[in-house]
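So the structure is just underneath, and the comments pick up after that.
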Ligand code: CO8
């Protein structure tokens, strides 16, 4: 761990806060919330502007995410927005209004999304309120998306004379299909959590107040599993969006073979045979017997 050398990894910045290990939201006034081993919580922190993604925020987000991704103690990352009203209502329109084709070509801003897309650690978006424009694109860039019942998704860029520029046309189309993506992209219509779930945009919808806890619980479940395997599973699923089926299967087989000979593979299989919980590298064995044995 390099905690003392890299404060951004553990506390973030004013615009992008980090809690690592994350704490589950407290149940009562005396409960500080249990720390969740291996889970980092990243909070977009401009609540008065509905967490609009300014260039400065995007730069900080990229640095924070990169730092967390290279920390071996971090095995799952949750990204959320400060406050109850928004995950993020898009890129900062005030800043965008000043841009030209040349300034955008030279801009580092896009790297905020690109860096989130590039991390090997599993990522989960916890969305309450608005996830619009670049905010929707950021949520879709995460591997899983937990939506509160008050979540609202959309790509409204068409209404301000532009189109999505941070992957929205591509990721929305892959997530929900071309015909449905076309309608949302060409009208800018916003959809609520239940419709987003029906369309396959989100992993699950939960009561609004439980959004963050639910995302953190999912992250903790993933973080308790062997990190090499969760990263490989993520890489394989990501490849499905990039490669033709035959190429994707070749890629999966390569990742599958790579697992063999790793300490986690040896330990996982030995523990199964010996009918005991596995002890993953660098972590204590879980208390109880294994509940779910692989099928
Ligand atoms: N940018 C800047 N400020 C914003 C944004 C935004 N995207 N969204 C909200 N705000 C600010 C408002 O200006 C307001 O500030 P203030 O109180 O100082 O006036 C504050 O947040 C609260 O917003 P509202 O008063 O508008 O709240 P409402 O409840 O009335 O409306 C909405 C909420 C519907 C979310 C409304 O704020 C809205 O339509 N926001 C804009 C949504 C939008 O069009 N998003 C897409 C932006 S373009 C984009 O994301 C492109 C991404 C790719 C570019 C990559 C560049 C590097």
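Hey, how many Å between the Cα centroid of the range 102-121 and the Cα centroid of the range 33-70? Each part's Cα centre sits 15 Å from the other's. Here the extension length gained between residue 107 and residue 180 equals 23.2 nm, from 0.36 nm per residue of separation less the Cα-Cα distance.
Taking the average, over residues, of other Cβ atoms within 10 Å as the packing measure, peptides 209-215, 158-164 rank 209-215, 158-164 from highest down.
Compared with the dominant principal axis of the Cα atoms in the chain, helix 55-69 is inclined by about 10°. The slack between residue 187 and residue 250, meaning 0.36 nm per residue of separation minus the straight C-alpha distance, is 18.8 nm. When DSSP assigns beta bridges and you keep just the ones with both residues in the range 8-81, what percent turn out antiparallel, to the nearest 5? Taking every DSSP beta bridge within the range 8-81, about 50 percent pair in antiparallel fashion.
Here the ratio of the Cα radius of gyration of the range 149-264 to 2.2 N^0.38 Å is 1.33. If you line up the long axis of helix 178-187 against the longest principal axis of the chain, both from Cα atoms, how many degrees apart are they, to the nearest 10? Between the helix axis and the principal axis of the chain, the angle is about 40 degrees.
Residue separation of residue 95 and residue 281 scaled by 0.36 nm, minus their Cα-Cα distance, works out to 62.4 nm of gained length.
Oblate is the label for the range 13-117, because the ratio a/c of its alpha-carbon gyration tensor axes (a ≥ b ≥ c) is 1.5 or higher and a/b is not greater than b/c.
Spin-label pair residue 258-residue 56: with each label point 7 Å from Cα along the Cα-Cβ axis, the two points sit 3.9 nm from one another.
For the chain, modelled as a GNM with alpha-carbon contacts under 10 angstrom, which of 195, 157, 281 fluctuates the most? Top of the fluctuation ranking is 281.
For the chain, adding -39500 (n - 2.57) for each run of n ≥ 4 DSSP H residues and dividing by the number of residues yields -12500 deg cm²/dmol at 222 nm. For the chain, with a Gaussian network of springs between Cα atoms less than 10 Å apart, report the residue from 52, 82, 27 with the top mean-square fluctuation. The residue that fluctuates most here is 27.
Once Rh is set to the Kirkwood radius over Cα pairs, what Stokes-Einstein translational diffusion coefficient, in µm²/s, holds for the chain at a temperature of 4 °C and a viscosity of 1.567 mPa s? Once the numbers are plugged in, D ends up at 65 µm²/s. Expressed to the nearest 5 percent, the antiparallel share of DSSP beta bridges inside the range 3-223 is 25 percent. Between residue 23 and residue 204, the modelled label-to-label distance comes to 2.5 nm, taking each label 7 Å out from Cα in the direction of the beta carbon. Seen against the Cα atoms of the chain and their longest principal axis, helix 245-259 is set at about 40 degrees. Among 114, 60, 102, the residue with the largest mean-square fluctuation in a Gaussian network model of the chain, with springs joining Cα atoms closer than 10 Å, is 102.
Since every read-out is calculated from the coordinates, none of them should be taken as a lab result. Just so you know, these numbers come straight off a predicted model, no measurement behind them. Cβ: placed from backbone, ideal geometry, glycine included. Neighbour counts: every protein chain shown.
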